[in-house]
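The values are calculated or read from the model by the stated rules, or taken from the named source; none is laboratory data. Computed from a prediction, not measured in an experiment: that's the story for all the values here. Neighbour counts are summed over all protein chains in view; Cβ atoms, including those assigned to glycine, are modelled from backbone coordinates with ideal geometry. Just so you know, the surface numbers come from the protein's heavy atoms only, side chains and all, with ligands and any DNA or RNA stripped out. Shrake-Rupley method; radii C 1.70, N 1.55, O 1.52, S 1.80 Å.
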Amino acid sequence: MMENQIDNSKPSALITGASRGIGSSVALRLAREGFHVFINFSSREDLARGVCEGIRSFGGSAELLRFDVSSSEEVDKAFESLKDRRLAVLVNNAGINKDGLLARLKDEDLEHTLDVDLKGAIYCTRAASRLMMRARFGSIIQIGSVIGEMGNAGQSAYAAAKSGLIGFSKSVARELASRNVRVNVVNPGYIKTEMTGALTDDQKEAILRSIPLGFFGEGEDVASLVAFLASPGSRYVTGQVIGINGGMYM
């Protein structure tokens, strides 16, 4: 079993849902930027451990932090363990998507989507803000979605969660600004992940026609924007919603 690599000399960044997709790309990039990275996961420890090994391979430092973002008790317990770990960045990336037309939307699917995508981000932001306010420094970055801005048929629950994340983040940005804690939302469009990989060629072609730049983004594209928002170079940026969607929504 791989030992966690701990480096208390570095500022820390916690990325939720970091075992794959956009989350893993963000974790790798922030480690390269000099952060000690906490890799959050809830079920796929094998994938999360692979991300840690990838970070270790280039001399970065990381450790695993398992908890379910939809449980306020687990979130609070996890963040309590970080109180002496110089938490400077939180990236709320964990999310699920239960597609389906509203008339057929099951209560349990609605609740699960809101619990993970919206309430999970709220729980983590609340817990992180307590640490960051005491330190009078921090950057909280929410990974939203273009769907939260433009909507999409069959994704009403997902859109509700991601749209709610925008209003929540703008409110919290105002609350935390006096303590030098910034809160911003990154809204990706179609990024190459397992989800887009499962699309048919016809589906991909239809989506690409809606993207002015004409191609899907990469996880590294989102990671570059997150790295900027985590850096001192973005010290005057808070309460903003930044799209990274190839021009799909303007």
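Give me Rg/Rg_expected for segment 168-226, where Rg uses Cα atoms only and Rg_expected = 2.2 N^0.38 Å with N residues.
1.57
Database remark: amide H of Val183 closer than 5 angstrom to the amide H of Ile140, Gly239 (H placed geometrically; neighbours at sequence offset of 5 or more, or on other chains; Pro and chain starts carry no H).
The modelled label-to-label distance between Leu101 and Glu205, using points 7 Å beyond Cα along the C-beta direction, is 2.5 nm. With a simple spin-label model that places each label point 7 Å from the Cα along the Cα-to-Cβ direction, the separation between Arg32 and Ala135 comes to 2.3 nm. Between amide H atoms placed 1.01 Å from N, distances below 5 Å from Gly243 occur with Asn187, all of them 5 or more places distant or on a separate chain. Solvent-accessible area of Glu205, all protein chains in place: 100 Å² (probe radius 1.4 Å, heavy atoms, ligands and nucleic acids excluded). When only alpha carbons are used to place a centre, segment 15-51 and segment 83-122 end up 17 Å from one another. Here the chain is assigned +1 on the Cβ of each Lys and Arg and -1 on the Cβ of each Asp and Glu. Its dipole about the Cα centre then comes out at about 1060 debye.
Comparing Ser231, Ser12, Ser163 in a Gaussian network model of the chain where C-alpha atoms under 10 Å apart are linked, the largest mean-square fluctuation is found at Ser231.
Structure remark: mean-square fluctuation, Gaussian network model of the chain, C-alpha springs under 10 Å; the largest value among Leu131, Leu118, Leu90 belongs to Leu131. Springs join every pair of Cα atoms under 10 Å in this Gaussian network model of the chain, and among Gly95, Gly197, Gly138 the largest mean-square fluctuation is at Gly197. Amide H contacts of Leu65: Ile39, Asn40, Phe41, each under 5 Å away and 5 or more positions distant or on a separate chain (H built 1.01 Å from N in the peptide plane; Pro and chain starts excluded).
Could you sort out which of Lys119/Lys204; Lys10/Lys83; Lys77/Lys119 sit more than 20 Å apart by Cα distance in this structure? Table pairs above 20 Å Cα-Cα are Lys119/Lys204.
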